[in-house]
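To start, the structure under review is shown below, and the notes come after it.
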Amino acid sequence: MAYKTIVVDDIDILVVGAGLSGTGAAWEARYWGQDKKIVIAEKANIYRSGAVAMGLYAINCYMGTRFGENNPEDHVRYARNDLMGMVREDLLFDMARHVDSTVHQFEEWGLPIMRDPETGTYQREGKWQIMIHGESYKPIVAMAAMKSADKVYNRICVTHLLMDEAKENRVAGAVGFNVRTGDFYVFRSKTVIVTAGGASMIYKPRSTGEGAGRVWYAPWSSGSAYGLLIQAGAKMTQMENRIVLARFKDGYGPVGAYFLHLKTYTQNGLGEEYESHWYDELKKMVGEYIDHHPVPTCLRNHALIREVLAGRGPIHMVTMHSFQDPHLEEVGWHNFLGMTVGQAVLWASTDLDPKCENPELTTSEPYVMGSHATACGAWCSGPEDVSPPEYFWGYNRMTTVHGLFGAGDACGGTPHAFSSGSFTEGRLAAKAACQYIDDGKAEGIVVSDRQIEELREKIYKPLENYKIWNNEVVAGDVNPTILYPKQGLIRMQKIMDEYCGGVSMQYMTNEKLLNIGLKKLAILREDMEMLAARDLHELLRCWELHHRVLTSEAVMHHTLFRKETRWPGYYYRGDHLYLDDENWHVLTVSRRDPKTGEWTMEKAPLYHIVGDVEEEYQKKKAAKS
Amino acid sequence: MFITSNPFAGLAQFGITPGMMQIFVILAIIAVVAGILLDVAHKKSAKYFFEHTERMKKLATRQLSSSEKTSMLVQVILNEVLTSSEFHNPKRRIAHLLKMYGFIIFVVSSAVLIFFYPTEQYAGFWGLMWRVGAIMLAVGGWWFFTKLRVDVLSEGKKWYKLARADMFIVSLLGVSTFGLLWCFFQGVVGSTALALLFFALFLISAVVLFGGVYWSKFGHMFFKPAAAYQKRILMADGSRENLPPFYKRAEVLDQSTMDLVRDIPADQKFGLCIMKDEPNHY
Amino acid sequence: MPTFVYMTRCDGCGYCVDICPSDIMHIDTTWRRAYNIEPDMCWECYSCVKACPMHAIDVRGYADFCPLGHAVRVHRDEEEGIIAWRIKFRSGRIKDLVAPITTKPWGKYIPDLKQVPAPTKEQRESQLLFNEPKYIRLDDGDLYTLESQGLKMRQGVYY
């Protein structure tokens, strides 16, 4: 193959994926490493890449300590409550105490953040959310990253990380290919910050035609955050904690502003409030967690799912009251146009006027990610001044692989970071990465030509497979020897759907199903040796699929390991249908041995921030009993 | 004068008579017209065009007077047609103007030479114009073909990778480049074989150029102005192809969404962000 | 099919190819104009629609659930710093909306961190990020810590 090999040498900090956390990492790295070589490798075009490519209408993580609104520990309590206790509170506290400085800088750069006309404070959508005109959110932060980075390599699909051959378990850079020219890129770097995306399209979607593109999380979020780290042997955490979203049906338009700011509410097909119907059942399943405020997202999902199964669907979002106010109506439309245009397209096409008709809600297929109301990701070190010993190994946001950092979707245990928190995590990782280099931890890295050559051959194999085996058939996609990436994707989605609690199983699975699923995934991975790509676009899809399948494997293993139903409404272990704090008030941690492909699982202790609120709560609880 | 020589006069030595050349020109014109008509009829593109226009008319918020329509036609001719104003990328606009005027000059001077000076060794102004046209076409063409063509610029493909869409540009490059080479070698003693070779390539290019209209992008010369005119009409009659008005900030400051920017001077421009770069981020 | 390109409007400039986050806007080999090669990987994110200088790209809602006869079209103007939308419902009803997309000239107020004074050793050893602690609250207060908030980390405590 005539593709050139382009070696980018002597990089200090390589940022893989330039979404919100990647742009944050690249930007901040320049301050702590003014003479360092900072390079970004981005799969698309940095101006519009990552989950914020479309824009956002709200920044969902802003403390507002400046306005006396919330403190970082309040956010920790909020997030752990929403995740049924399972979060890394050290990482969350750390993100929350820095996030406001990120947002204030966004405003300074020109991001239009709405103000409350009366108080002059940021316009709140809810307790944590502030409203923005964020159509150009991504281009604005992209410009910041471009200003800091020595070079941005756009359209580079990073497929693998390079590993040091001098010292075990130390990163040495990354490799990938240019989706346009096809050239092979070798990035030799002292540190790598993986800020790639979480995983959409892991599960069979509800819409299986064109509408498959209208996923809740971006279709280009290909699980590379996990695929790259798992391949490198980094430990992962909470990968069972996939998320299911209750959203406007089909369009998956956001509901946050609708609930919080526009004061719309839900009702069942009979026009009744329905969440209370499921209180007793949930009380049995999760105990006192159902009494928490706000009610955890997964439990509200559970009520929605059960209500529909009880035959009292559809669930409606009652917009007809609020939308009589023309100002609120306008906010409702801007909300969609600013971040989920497809929902506006859907309402336009179906002539739905939310003033006159209440739109339907549904629960989505599951997604695997770590920055929204869920916490999948790598097992990362916390900050020195907050983290207990089990959570600290030297450098903030460093994974269990030396020199390899994670932020955003890649960093596990930090839900509710959203855009601003992800950018902040990128900043934290960047500072730590500079420190790591300055401490001399990245000396003497060795990467042999053999490692690079082997990866090169592996990367282009799908093109080779196609060239050779396409001769077997007259025409068409059906070939007994090779598999196209779309075919592999659909097979993976079906396995995940049917064996790991997808939407057609009403999110139900059990040990037997999971074991079958794992077997099927292993066979899929065998077949993927014969993945075929007709062109560079399909080669991109092949590697996205590799990352997605590795993510799926992790999800399966974690789901199998956690023998309880911690998040009813996200998924159910039919053989362990109850929350089990006795045995499972812990974080799950996995590692896939890069050499053997064997997975090992372990439990990690869960630390909670203890402050007056908790103590009061404990007292109350004691008094009650 | 060498630079005013008439390349067609030299064809006699290959046994090509003026009559044959003139017939070729006439056939070429017929081929172009036939290609366009076949295209329009077979693809029903004209039918689509008019039905689409009718449908859009229903969305019109105002009736255009015939003088407005005439003025728009003039605008289209002055802007889109004569100065290629629709191009966003200034380099492509310059290349397009070079190609377009080069092609016109080249074709017209070829026809003049063939019909009025078929046997004269030197053709003065028209001989010179033939070269000017060919050079303009070749310069604009090669610039476009190797650098500006979207397959190269944005898709990152090698300039020599060809697709059917390149039939038109490649045949233009052929007539201009091979034409110039053929002309050059006519003047070099002992290069008859080379002159013949390049003439043959020139001839093949011309056959593809004029004979391949149905399959190539040749037709855009006729379709694009029509589409440009239609676009102007639709933007003026209020149907706007469903596009929102292209407001200036100052016009919408009364909207509640604009609170944050109300105090910014109305004439302040923010510059460019994504659109400041050429579309080749890879 | 999510995004599509009007034949008579596209001039093959490449902005959509360049911007698409999903790598699905590509150039047709017959007409050298753009089209969506993989509609079921299109998020309707409108990145290409907004970047098209010719307004040649439009969206037809997903065939799975969107009836025909609608339009959601947009004009994004970086110089003016605004975005204008027009929603045309199937019934023909029209709704126009407009919003700002920036409050400052693009990129002008983003500091070049190579040029700012380098961080001190204390700053390096602290938990502070660039511009902190000032930018946390825009006052003289310090970064929050467990101590400052009267907190402890304790293993396995229920709440």
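Quick notes on this structure:
- Span-rule helices in chain B, defined as complete DSSP H runs reaching 20 Å or more along the axis (Cα) with Kyte mean at least -1.0: B:18-43, B:90-116, B:124-143, B:167-186, B:192-211, B:220-236
- Under 22 Å of direct C-alpha separation, and excluding same-chain neighbours fewer than eight residues apart, B:LYS43 reaches these lysines: B:LYS217, B:LYS224, B:LYS231.
- Stretch gain in nm, segment B:TYR48-B:GLN75, where the contour uses 0.36 nm per residue and the Cα spacing is subtracted: 7.3 nm
- Loop-located chymotrypsin sites (Phe, Trp or Tyr not before Pro) in region B:115-181 whose Cβ has at most 15 other Cβ within 10 Å (DSSP): B:TRP159, B:TYR160
- DSSP assigns beta bridges within the protein assembly as shown; of those with both partners inside it, close to 75 percent run antiparallel.
- Loop-resident sites, region B:190-262, for trypsin sites (Lys or Arg not before Pro), counting at most 16 other Cβ within 10 Å (DSSP): B:LYS248, B:ARG262
- Per-residue ellipticity at 222 nm, computed for chain C from helices alone with -39500 (n - 2.57) per DSSP H run of at least four residues, works out to -2000 deg cm²/dmol.
- The distance from the alpha carbon centre of region A:456-481 to that of region A:249-308 is 48 Å, rounded to a whole number.
- GluC sites (Glu not before Pro), loop per DSSP, at most 15 other Cβ atoms within 10 Å - longest free stretch of chain A: A:444-597
- Antiparallel DSSP beta bridges within chain A, percent to nearest 5: 60
- Percent RCO, i.e. relative contact order, over chain A, from Cα pairs under 8 Å lying at least 6 residues apart: 20
- Look at where the Cα atoms of region C:84-122 and of region C:1-57 average out, and the two centres are 23 Å apart.
- Spin-label zone in region A:516-535 - amide nitrogen under 14 Å from a point set 7 Å from the Cα of A:MET601 along the C-beta vector: A:516-519
- Local electrostatic count at A:ARG541 - Lys and Arg +1, Asp and Glu -1, tallied over other residues with Cβ under 13 Å: -2
- Reducing region A:174-228 and region A:111-129 to their Cα centroids gives an inter-centroid distance of 33 Å.
- Environment charge at A:LYS519 (Cβ cut-off 15 Å; Lys +1, Arg +1, Asp -1, Glu -1): -1
- Taken along the Cα-to-beta-carbon direction at a fixed 7 Å, the label points for A:GLU118 and A:SER448 span 7.1 nm.
- Proximal lysines to A:LYS620, defined as alpha-carbon separation beneath 29 angstrom and excluding residues fewer than eight positions away on the same chain: A:LYS127, A:LYS283, A:LYS284, C:LYS152
- Rule-of-thumb Rg ratio for region C:111-150 [Cα; 2.2 N^0.38 Å; N residues]: 1.32
- Cysteines in chain C lacking a second Cys C-beta under 4.7 Å: C:CYS10, C:CYS13, C:CYS20, C:CYS42, C:CYS45, C:CYS52, C:CYS66
- The sum of -39500 (n - 2.57) across all DSSP H runs of n ≥ 4, divided by the residue count of chain A, sets its helix-only mean residue ellipticity at 222 nm to -12000 deg cm²/dmol.
- Trypsin sites (Lys or Arg not before Pro) restricted to DSSP loop in region A:527-625 with at most 15 other C-beta within 10 Å: A:ARG534, A:LYS563, A:LYS595
- Checking the cross-link pairs A:LYS138/C:LYS104; A:LYS37/A:LYS190; B:LYS69/B:LYS248; B:LYS276/C:LYS114; A:LYS37/A:LYS431 against a 18 Å limit on the alpha carbon distance flags B:LYS69/B:LYS248; B:LYS276/C:LYS114 as lying beyond it.
- With contacts taken as Cα pairs under 8 Å at a separation of at least 6 residues, region A:247-363 carries a relative contact order of 40 percent.
- Cα-based reach from A:LYS603 at 21 Å (exclusive), listing lysines while leaving out same-chain residues under 8 positions away: A:LYS235, A:LYS563
- At an R0 of 35 angstrom, the distance between the Cβ atoms of A:GLU165 and C:THR120 translates into a FRET efficiency of 0.45.
- Note on the protein assembly as shown: semi-axes of the ellipsoid equivalent to its C-alpha gyration tensor, largest first and rounded to whole Å, are 56, 33, 28.
The numbers here are math on the coordinates, done by the rules we state, and not lab data. Since the model is a prediction, treat every value here as computed from it, not as a measurement. Backbone-built Cβ (ideal geometry, glycine too); neighbour counts: all protein chains shown.
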